[in-house]
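Peer 1: Sharing a structure here in structure tokens format.
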Amino acid sequence: QVQLVESGGGLVQAGGSLRLSCAASGRIFSINAMGWYRQAPGKERELVAAITKSGSTNYADSVKGRFTISRDNAKNTVYLQMNSLKPEDTAVYYCNAEVRTNWQSRWLDYWGQGTQVTVSS
């Protein structure tokens, strides 16, 4: 019903930058919060950044001042600009969106397939 497709991951040297994008498509009535999570090998998935429909943002302490989340509501797309990348930012990054598929439905969480970000030292 709803698909989230991420792009923009890759390999970068420490100190470099990457920009992730995530486009939501399908049966979408409304999208509330959107966000980015990451999961490193052997670790639990953690919130990186989130943004509400009105633009309020929330960041993990580890990325504050380096990452910026933004969204284009007209395109159902969320972005994550990552600057000053560190080796510890290496992980699979997942997009998340809280979606209603029609005016009567509940808000449900949808996830992208993940995109690998690798930061070399």
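Peer 1: What do you get for chymotrypsin sites (Phe, Trp or Tyr not before Pro) in segment 59-120 restricted to DSSP loop and a cutoff of at most 10 other Cβ within 10 Å of the site's Cβ?
Peer 2: When the chymotrypsin sites (Phe, Trp or Tyr not before Pro) of segment 59-120 are filtered for loop state and at most 10 Cβ neighbours within 10 Å, Trp103 remain.
Peer 1: Tell me which of Ala14, Asn73, Ser121 sits at the most positive position along the dipole axis of the chain, charges placed on C-beta atoms (Lys, Arg +1; Asp, Glu -1).
Peer 2: Of the options given, the answer is Asn73.
Peer 1: Also, I was wondering about something else. What does a probe at Asp109 reach in segment 59-99, counting residues whose amide N is under 15 Å from the point 7 Å along Cα→Cβ?
Peer 2: Output list for this probe position: 94-99.
Peer 1: Using a 1.4 Å probe on the protein heavy atoms, what percent of the accessible area of segment 48-121 belongs to carbon and sulfur?
Peer 2: In segment 48-121, the share of accessible area belonging to carbon and sulfur is 46 percent.
Peer 1: Note down the net charge around Gln81, summing +1 for each Lys or Arg and -1 for each Asp or Glu among other residues with Cβ under 11 Å from its Cβ.
Peer 2: My count for the surroundings of Gln81 gives +2.
Peer 1: Right, another one. To the nearest 20 Debye, how big is the dipole of the chain about its Cα centre, given +1 on the beta carbon of each Lys and Arg and -1 on that of each Asp and Glu?
Peer 2: 260
Peer 1: Right, here's the next one. Using a 1.4 angstrom probe on the protein heavy atoms only, line up Lys86, Lys43 by accessible area, largest first.
Peer 2: Final ranking, largest accessible area leading: Lys43, Lys86.
Peer 1: Then there's this: Can you put Arg27, Arg106 in order of accessible area, largest first, using a 1.4 Å probe?
Peer 2: The most accessible residue leads, giving Arg106, Arg27.
Peer 1: So what is the accessible area of segment 32-113 per residue, in Å², with the probe set to 1.4 Å?
Peer 2: 55
Peer 1: Give me the lysines in straight-line cross-link reach of Lys53: C-alpha distance below 24 Å, same-chain residues under 8 apart excluded.
Peer 2: Output for Lys53: Lys64, Lys75.
The values are calculated or read from the model by the stated rules, or taken from the named source; none is laboratory data. In this text the structure is predicted, and so the values were computed from the model without any measurement. A quick note on method: Cβ atoms are made from the backbone with ideal geometry, for glycine too, and the neighbour counts reach across all protein chains shown. Heavy atoms of the whole protein, side chains included, go into the accessibility calculation; ligands, DNA and RNA do not. Shrake-Rupley method; radii C 1.70, N 1.55, O 1.52, S 1.80 Å.
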